Amino acid sequence: MSEIVKILDTTLRDGEQSPGASMNTEEKIQIAKQLEKLRVDIIEAGFAAASPGDFEAIKRISEIIKDSTVCSLARALEKDIKAAGEAIKPANKKRIHTFIATSDIHMKYKLKMSPDEVVKRAVEAVKYAKEFTDDVQFSCEDAGRSDMSFLKEIIDETIKAGATTINIPDTVGYRFPHEMGEMIKELYEFIQNRATIAVHCHNDLGLATANSLYSVLNGARQIECTINGLGERAGNAALEEVVMAIKTRNDIFKDITTNINTKEIYPTSRLVATITGIEPQPNKAIVGKNAFAHESGIHQDGVLKHKQTYEIMRAEDIGLETNAIVLGKHSGRHAFKEKIKSLGFDLKEDELNKAFERFKVLADRKKEITDDDLRMIITSELTTVPQIYKLKKLQINDCSEGVPSAAVTIEYNGKDITDAGIGDGTIDAIFKTIDRISGFNGTLNDYKVKAVSKGKDALAKVVVKVVFDKNKPAVIGHGLSIDTMLASAKAYIGALNSYIFMKDILKTKRCQEEEEI
């Protein structure tokens, strides 16, 4: 019988802490559903005490996800743990992940607590968390720079208090693989079968995946990771890397496996990249666009003769299909549906109808629709928040000798509203006109445009990051069109809709809380 290494995916928590990777509730739900399809063991859905938005997202994910365990992070504070417990209450399988720092530098300068006080706080936190769920994980923050004797002391006490998983984070990516392995081996011998050992490795020195794998070889049976390696600073261990390393090198990881459905790796990677607007670099292991590409003549010759000459994994194993169906404007709904299924999407009837409509509009303007075009159409459709404002028409004047201007028609409450405005550039004119119509005043923090596929008729994907209220974080909007200006307008309106949607959710939640009081 193979031993299972559990995968805790923290894309929705640590991954969202990547600069520019914030997501709204609907987007988090879409990713959580895909993570469940990927067969992730534990989904760390967020930090419930961080904000009302985080709490709401965790709660709604807990109501939807059935197969994966839903987890909320909580500091070793009663208010954090209570928020986490209430947020995960609807979950079929639930976990609270509480933590406190254990390194000398963190205890002295950040916590300003003695080691004895830290142990006491950790034990109290675990005991309180047990009131909400039997599945409690305790993390020794900055374990990679902690004293081993103190680690053993606090681990021993938290296991006695009821912790079922002990997490050893290399919080600042400081350890080398052999050091991480030796550390886990010593702790494994100390803990024995009293609790599962987990690791959470950061990538500051580019060693997160190696450190995670060495930990598994020395007794760890849970890896914390993120899709595409997202996370604080240089990111976390990438789920796709640790999973495919264990699968590919089964000569080293004898009788060790994961529950991950690897065919969902690529679709999950694309979904996360689409929603966050953060694309993996082209040479990113496993999911980068060049990971299975060959330009060298020698490599091409070898691969054509036998794939294993230059490929140690099959592209099909991560969900990269070699399906020969080519879609265009003459394709019917059945062919579209079958192609979508081959790409790993399982759409409801109304979602399929909307995606097919968008496909036909694009097909009228584009000779051949690529798989990436289809993935973008579908993920954009699935992650769209309610359209309070809807773009109907756009006309621009970007004459180099004139003043850039834009005329925009937006549907609001069933009525079309048209206005025009000027700006410092065409995009500025578009955004200012949308502000005039909506009555909101957005500040553009970031603007990115990317060609989804190749050719002069490539689909343009625009991601904007906009602040509508200086007291609230920026929101992200996505736009998709062959016309970059049109995609930009759609992205800006998407950000506006997302802001209003989240604002209404939080307002409703506050009213409910006031009624309860």
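The values are calculated or read from the model by the stated rules, or taken from the named source; none is laboratory data. Just so it is clear, the structure is predicted and the values come from calculations on it, not from any experiment. Just the protein is used for accessible areas: all its heavy atoms, side chains included, with ligands, DNA and RNA removed. Shrake-Rupley method; radii C 1.70, N 1.55, O 1.52, S 1.80 Å.
The table that follows gives values for the structure above.
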read-out: Helix 115-129 axis, angle to the chain major axis (alpha carbon atoms, nearest 10°); value: 60
read-out: Whole-number accessible area per residue in Å² for the chain, which is evaluated in the context of all protein chains at 1.4 Å; value: 46
read-out: Relative contact order (%) - the chain, alpha-carbon pairs under 8 angstrom, separation at least six; value: 11
read-out: Residue 251 accessible area, assembled protein chains, probe 1.4 Å, Å²; value: 70
read-out: Accessible carbon and sulfur surface of the range 219-275 relative to its total accessible area, %, 1.4 Å; value: 44
read-out: Solvent accessible area, Å² - residue 365, 1.4 Å probe, full protein context; value: 130
read-out: Beta bridge orientation in the chain: antiparallel %, DSSP, nearest 5; value: 45
read-out: Phi-based couplings in Hz for the range 206-217 (Karplus 6.51, -1.76, 1.60; Gly and Pro marked x); value: x, 10, 4, 5, 4, 5, 5, 5, 4, 5, 4, 5
read-out: Greater than 21 Å apart at Cα, pairs in 448/490; 59/82; 93/341; 89/160; 28/94; 390/461; value: 93/341; 89/160
read-out: Apportionment of accessible area to carbon and sulfur, the range 1-116, percent (1.4 Å); value: 51
read-out: Nearest-ten-degree value, helix 78-87 long axis tilted from longest Cα axis of the chain; value: 50
read-out: On Cα atoms only, tilt of 371-382 relative to the major axis of the chain in degrees; value: 80
read-out: Alpha-carbon centroid distance for the pair the range 190-252 / the range 1-78, whole angstrom; value: 18
read-out: Table column - 3J(HN,Hα) (Hz), the range 138-152, Karplus curve with 6.51, -1.76, 1.60, x for Gly and Pro; value: 10, 10, 8, 4, 6, 4, x, 10, 9, 6, 4, 5, 5, 4, 4
read-out: Sorted largest first, extent of the range 19-73 alpha carbons per principal axis (Å); value: 27, 20, 16
